[in-house]
Amino acid sequence: MFKGILFDLDGVLTDTAEYHYQAWQRLGKEIGITIDRAFNEELKGVSREDSLKLLLAHGDRTQDFDSEQFAELAQRKNEYYVEMIQEVSTADVYPGILDLLKRLKKQGIKISLASASKNGPFLLEKMSLLPYFDGIADPADVAKGKPDPEIFQLAAEKIGLTAVDCIGIEDAKAGIQAILASGAFPIGVGRPEDLGTDIVLVSSTEELTADFLTSSWQTARN
Ligand code: G6P
Ligand code: MG
């Protein structure tokens with residue numbers, strides 16, 4: 001049986017992946033770079049700085065900004081994003097998530113956060129989910145972001161486990177790659193067009209019941 005769950009946050013616990021998209025779109029517009037949802041799939045799960053690099057490369061503007069300007073752009077995007085998440089509350093927790101967290105707690109399964117977002121703890125607090133988390137991996141402590149496995153390995157470490165004993169839940173391509181590389185068992189939230197057909201997928205968090213997780217784990221690992 002799995003001993004821990006490593007949760008991504010944006011797009012898994014709540015709809016903040018959409019706010020990240022809107023904030024990147026707004027910043028992009030200001031510097032003349034248009035992005036669409038297909039391109040946004042490349043940004044999901046990726047750190048703020050790496051996302052900005054991808055955005056600038058997408059608009060062929062990498063050379064146009066020195067390091068100071070780059071830092072200003074990253075900060076500006078974060079300001080737009082932070083502005084949008086001020087009103088996040090318990091009402092924004094995705095369907096099924098609270099029941100799942102409660103059930104996992106009862107079963108003694110450890111719960112950890114493996115989000116690349118520096119705004120993660122703020123959002124957990126806003127959604128009143130902090131008490132359910134036994135560990136939080138601080139993205140500032142990892143050298144390489146997703147798709148590198150480090151953040152999932154750290155999240156497992158924070159709950160006294162190794163990633164092989166955990167399930168990782170993700171809505172991003174880069175995140176699924178990170179889970180696979182960490183040795184944890186991935187479950188994707190999203191569409192096969194975006195996340196592939198070779199892993200267990202759910203189209204809604206409502207499907208993420210403790211029984212579903214257990215049977216998916218048992219089918220894959222036994
Ligand atoms: C998550 C999101 C990304 C975001 C990253 C950094 O992984 O999926 O879209 O770029 O966190 O978030 P931050 O809030 O620190 O800018
Ligand atoms: Mg995500």
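Side notes on the structure shown:
- Inspection of region 3-11 finds no residue satisfying the criterion of being in a loop (DSSP other than H, G, I, E, B), more than 13 Å from ligand 1 (Cβ to nearest atom), open to solvent by 70 Å² or more (accessible area, probe 1.4 Å) and in contact with a Gly (Cβ under 7 Å, 6 or more places away or on another chain).
- In region 12-40, of all residues being open to solvent by 10 Å² or more (accessible area, probe 1.4 Å) and small (Gly, Ala, Ser), the one that is farthest from ligand 2 (Cβ to nearest atom) corresponds to Gly32.
- Note on region 111-152: among residues that are in a helix (DSSP H, G or I) and under 14 Å from the mean Cα position of the chain (by Cα), the one that is farthest from Ile85 (Cα to Cα) is Glu150.
- Pairs are defined by a Cβ separation below 7 Å, a sequence spacing of at least 6 or placement on different chains, a first member in region 87-105 that is farther than 14 Å from Leu123 by Cα, and a second member that is open to solvent by less than 60 Å² (accessible area, probe 1.4 Å) and in a helix (DSSP H, G or I); the pairs so defined are Pro95/Thr205; Gly96/Thr205; Ile97/Thr205; Leu100/Ala210; Leu101/Tyr132; Arg103/Ala210; Leu104/Ala210; Lys105/Tyr132.
- Residue selected from region 186-199 under the condition within 12 Å of ligand 2 (Cβ to nearest atom) and free of Cβ contacts under 8 Å to residues at least 60 places away in the same chain, by the criterion farthest from Thr214 (Cα to Cα): Leu195
- Selection from region 136-185 of residues that are closer than 20 Å to Arg221 by Cα, open to solvent by 60 Å² or more (accessible area, probe 1.4 Å) and within 16 Å of ligand 2 (Cβ to nearest atom): Gln177, Leu180
The values are calculated or read from the model by the stated rules, or taken from the named source; none is laboratory data. Source: prediction; values computed, not measured. FYI the Cβ positions are ideal-geometry reconstructions off the backbone, even for glycines, and counts take in every protein chain you see. To get the accessible areas, we keep the full protein, side chains included, count just its heavy atoms, and leave off ligands, DNA and RNA. Shrake-Rupley method; radii C 1.70, N 1.55, O 1.52, S 1.80 Å.
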